[in-house]
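The values are calculated or read from the model by the stated rules, or taken from the named source; none is laboratory data. This is a predicted model, so every value here is computed, not measured. Every residue, glycine among them, receives a Cβ derived from its backbone with ideal geometry; neighbour counts consider all protein chains shown. Surface areas here come from the heavy atoms of the whole protein model, side chains and all, with no ligands, DNA or RNA. Shrake-Rupley method; radii C 1.70, N 1.55, O 1.52, S 1.80 Å.
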Amino acid sequence: MPSERMTVRGTSEIGRFPGASPPTRVELTIQKEEVKKQEEGGCRQWFKKMCPCCCKRQNSISYDVTDKIEVVKPGAPDPTPEPEKRKSENGEAKEMEGKLCYEVQSVDLLSSKTGQNRREHHTDLYHGDELIIRRGQTFQMELELNRPFSADTDKLHLDLKTGPLPMVSKGTHVIIPLVEHLEDERWEAKIVKQTGNNIRLSINSPASAVIGLYGLSVTTSSLKGEATATHNSSKNIVMLFNPWCEEDTVFMDDEDERNEYVLNDTGRIYYGTEKQIGARTWNFGQFHEGILDACLFILEKSDMPPSGRGDPVNVVRVISAMINAQDDFGVLIGNWSGDYSDGVSPAAWSSSVEILKKYHSTNGTPVSYGQCWVFSGVTTSVLRCLGIPARSVTNFQSAHDTDVSLTTDVYFDANMEPIDYLNSDSVWNFHVWNDCWMARPDLPPGNGGWQAVDSTPQETSQGTFRCGPASVSAIRSGQVYLKHDTPFVFAEVNSDKIYWQKNLDGTFSQIYSEKKAVGHNISTKAVGSDERADITHLYKHQEGSEEERIAVETASRYGSKPDVYSVPMAEDVSVEVKMEGEGPRMGVDAKLSILVKNQSPHPRQTTLHSQVAVMYYTANTLAIHKEVKLSSIEWVLPYQQYQNQLVDQAALMLTLSGRVSETKQVLANQTTFRLRTPDLIITPLGEAVVGKEMAAKITFTNPLPRMLKNVVFRVEGLGLQKGHQVFVGDVGGHSTVTLTEHFIPSQPGPRKLVASLDCKQLTQVHGVADVVVLEQ
């Protein structure tokens, strides 16, 4: 049987198949390889009817692979040929053609943003007029035929195909029959309206359908299967996950939560330290022009079989890998070096839009640079765009377990000096990942709901830099044997910090355990407001409770040090570090208070040793202060000692160690604090009306007594103005800069204007202004 060849031609900026350069949205057309068969008209059909012996059909062979895909690089667009009109040599042939053959003249997908399909499927916010639908829900289309449809003599079915090798058995080639009554969880079509030559179809899809970009064709024939004709739609259909459908595994039953975790295109990402929590506004922009195209391109580039795109667990796992470029040329290159001269500083980003559009427009060239909050922000954008409820989550004092011990281990020599080459475990002052919402039929009951997923490349999972989805419920109870990557996330939020001292024979003894060292103030944006919601209780039981201790000890039995909790430690002296208010500011001396408490009825004596280190938020440290014995509880770090040493997050870590003379109890404490930076003050000027120019004033004051070099502002507002850069140049010590931005709002409703400062000497400076735009 002659094979069919499906040709892919570029028509816009949507990525469709791996290898297409540049990435394009595709238009699916079927081209017959046999020219004679393609040009077959009414006369030949009539002749076959009159003399079947002269026109015997070849034996048909059933193939599961329905199309061979040819990827054509886009050039100048070919003119769309007019449908070839059937020719007849005499009146008898015309009469026979009219009786036996009918065909589709055009297909209307009813894809307008304001139409019924897009509104009912909650896709009316997406840019453009494509048909964007959600699985498990009916949608409609209209067909124009060359004559009225008759159920007594005519047959009709639809074909939807996705991926390079559509297969019926894999769910990537869907044959949709015409039925009288629609049933749930099936691909079916029903005629709901007929007017003259036009019919309207209502089409149902199962809640397990493969998501992605589909090509559509409509096949018509007589009841006897003769005079078959196929019409290929010039437009594609995009299928997404459906949090509004109870049968979909991503179903979320709370309307306010759906509005927040699927439809909200802005959010808040938290950073800093547990005692100095900072927040920055992030534009997720999942409905912005080109973002859906970019997300579909990421799926195509991942090389995940299209048949796997029906399972959100698979999709999330792939997205976790594809957002970082560590081993698969994904979206973002991670950089923690402090040198971003050949790219954009991670702290300068405030939106996913520019990152995703740049990755797509360059045919998958990774974007420079990202750190955890950028990876998380982009992940939220992609998951929400595809229909999976998602949020960015920040964990303060976040452990990084490198040896699967499910503890954070700190090693000292015999003189209580840290052994740097052994201290590969670390505690980040904060780390940002994502939660996504879905059922987990692959796990025991009770493990659905929020799942942790992390796109920041830290450790490999099954050979690839990715993490999750890990059930938050399983993390809370210590069930670290449940997939995916639950042990790693458990250690981030609930591992104990174990201190070890080297013995004379080279072995190590456990000298102290800190049970409340990690996993504090786990934060996300609250539903329906810009307030911070603390979700620590979702990840762990109350610190120190019996349930929490049981979860920790249960998890440790599956780690590389299962006997670490066999010996209880005596503890009657404690040490704590406190700071006043919001903590020390950048540009002045840093002051902290150290409290030593004796919880026994007997007197105790101890000498504490301190060491302070500048740290990246990932806890890679560079010591800048020699060890000092403390005789008082006031600790001061002069500005002159840290001014030339700070990097990225302006964070410092104070390490205290000592031993109680009477009991030989070891005291140990590590406290991270950051030096607060100023905000950009954004003040809207004038009335905000769609189509009417307005302005906003951005003010910044340099907090340092030194000059800032090559200062750049990055400004963006979804529905207000496109993201762009403003080069300010050098800003003198304690000087104030004022910038006025002029723009014309394009969308009504509440909007956010976001700005950030990009400068090597000062980072994490940003601001946001709320703007309510009125209709014209």
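Listed residues Val728, Val771; which is part of a strand (DSSP E or B), open to solvent by less than 60 Å² (accessible area, probe 1.4 Å) and either in contact (Cβ under 8 Å) with a residue 24 or more places away in the chain or within 16 Å of Ser345 (Cα to Cα) (or both)? None of the others qualify; the one that does is Val771.
What about Lys155, is it in contact (Cβ under 8 Å) with a residue 40 or more places away in the chain and farther than 19 Å from Gly310 by Cα? Before you say what the answer is, go through the steps one by one.
Values: in contact (Cβ under 8 Å) with a residue 40 or more places away in the chain: yes; farther than 19 Å from Gly310 by Cα: yes.
So Lys155 passes the test.
Before we move on, is Asn146 assigned by the TED database to the domain that holds Thr220, open to solvent by less than 30 Å² (accessible area, probe 1.4 Å) and of a type in the set (S, T, N, Q)? So Asn146 does not fit the description; no. Restricted to segment 389-508, the set of strands (runs of 3 or more DSSP E) holding at least 2 residues that are under 24 Å from the mean Cα position of the chain (by Cα) comprises 390-400, 426-438, 449-453.
Please identify the pairs in which a residue from segment 318-340 that is of a type in the set (Ser, Thr, Tyr) has its Cβ atom under 6 Å from the Cβ atom of a residue that is part of a strand (DSSP E or B) and crowded, with 18+ Cβ neighbours inside 10 Å, counting only partners at least 6 apart or on another chain. From residues that are of a type in the set (Ser, Thr, Tyr), the pairs are Ser320/Val453; Tyr340/Tyr369. Only residues that are closer than 18 Å to Val404 by Cβ and surrounded by fewer than 14 Cβ atoms within 10 Å (Cβ to Cβ) were counted in segment 415-431, giving 1. Out of Ile522, Ile498, one residue alone is farther than 19 Å from Gly448 by Cβ, at pLDDT 95 or above and β-branched (Val, Ile, Thr). It is Ile522.
Conditions (1) among the basic types (Lys, Arg); (2) surrounded by 22 or more Cβ atoms within 10 Å (Cβ to Cβ); (3) closer than 20 Å to His400 by Cβ; (4) in the same structural domain as Gly267 (by the TED database), marked per residue:
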site: Asp442; (1), (2), (3), (4): no, no, no, yes
site: Asp454; (1), (2), (3), (4): no, yes, yes, yes
site: His484; (1), (2), (3), (4): no, yes, yes, yes
site: Lys497; (1), (2), (3), (4): yes, yes, yes, yes
site: Gly506; (1), (2), (3), (4): no, no, no, yes
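Being open to solvent by 50 Å² or more (accessible area, probe 1.4 Å) and not assigned by the TED database to the domain that holds Pro305 is a property that Thr219 lacks.
Of the residues Gly330, Gly310, the single one that is in the same structural domain as Tyr359 (by the TED database) and more than 18 Å from Thr456 (Cα to Cα) is Gly310.
When you check Thr220 against the structure, is it over 18 Å from Ile132 (Cβ atoms) and free of Cβ contacts under 8 Å to residues at least 24 places away in the same chain, yes or no? So Thr220 fails the test. If you check Arg258 against the conditions, is it basic (Lys, Arg), in a helix (DSSP H, G or I), farther than 30 Å from Arg147 by Cα and open to solvent by 20 Å² or more (accessible area, probe 1.4 Å)? Considered against the rule, which asks whether it is basic (Lys, Arg), in a helix (DSSP H, G or I), farther than 30 Å from Arg147 by Cα and open to solvent by 20 Å² or more (accessible area, probe 1.4 Å), Arg258 comes out as yes. Examine segment 249-271 for a residue that is over 23 Å from Ala526 (Cα atoms) and in contact with a Ser or Thr (Cβ under 9 Å, 6 or more places away or on another chain), and state whether such a residue exists. Yes; the residues of segment 249-271 include at least one that is over 23 Å from Ala526 (Cα atoms) and in contact with a Ser or Thr (Cβ under 9 Å, 6 or more places away or on another chain). Looking only at residues in segment 304-326 that are among the polar types (S, T, N, Q) and over 13 Å from the mean Cα position of the chain (by Cα), the one that is most open to solvent (accessible area, probe 1.4 Å) is Gln326. Among the residues making up segment 174-220, those that are part of a strand (DSSP E or B), in contact with a helix residue (DSSP H, G or I) (Cβ under 9 Å, 6 or more places away or on another chain) and not small (Gly, Ala, Ser) are Val174, Ile175, Leu213.
Looking across segment 360-403, the residues that are over 24 Å from His122 (Cα atoms) and of a type in the set (A, V, I, L, M, F, W, C) come down to Val367, Cys372, Trp373, Val374, Phe375, Val393, Phe396, Ala399. Residues in segment 223-232 include none that are open to solvent by less than 20 Å² (accessible area, probe 1.4 Å), within 30 Å of Gln286 (Cβ to Cβ) and in contact (Cβ under 8 Å) with a residue 24 or more places away in the chain. Put simply, of Arg714, Arg706 the only residue that is more than 20 Å from Pro684 (Cα to Cα) and either touching a residue at least 40 places away in the same chain (Cβ under 8 Å) or among the hydroxyl-bearing types (Ser, Thr, Tyr) (or both) is Arg706. Here is the figure for segment 365-388: residues that are in a strand (DSSP E or B) and either on the phi > 0 side of the Ramachandran plot or surrounded by 24 or more Cβ atoms within 10 Å (Cβ to Cβ) (or both) total 1. Here's a check for you: in segment 527-548, which residue that is outside any loop (DSSP other than H, G, I, E, B) and within 23 Å of Arg751 (Cβ to Cβ) is most open to solvent (accessible area, probe 1.4 Å)? Across segment 527-548, the extreme among qualifying residues is Arg532.
The residue list Leu213, Leu110, Leu160 contains one member that is crowded, with 19+ Cβ neighbours inside 10 Å, out of contact with any Phe, Trp or Tyr (no Cβ under 7 Å at 6 or more places or on another chain) and within 30 Å of Glu300 (Cα to Cα), which is Leu213. The set of residues from segment 682-708 being β-branched (Val, Ile, Thr), loosely packed, with under 15 Cβ neighbours inside 10 Å and closer than 30 Å to Asn429 by Cβ comprises just one member, Thr701. For segment 672-703, filtered to residues that are of a type in the set (Val, Ile, Thr) and not in a loop (DSSP other than H, G, I, E, B), the residue that is modelled with the lowest pLDDT is Thr672.
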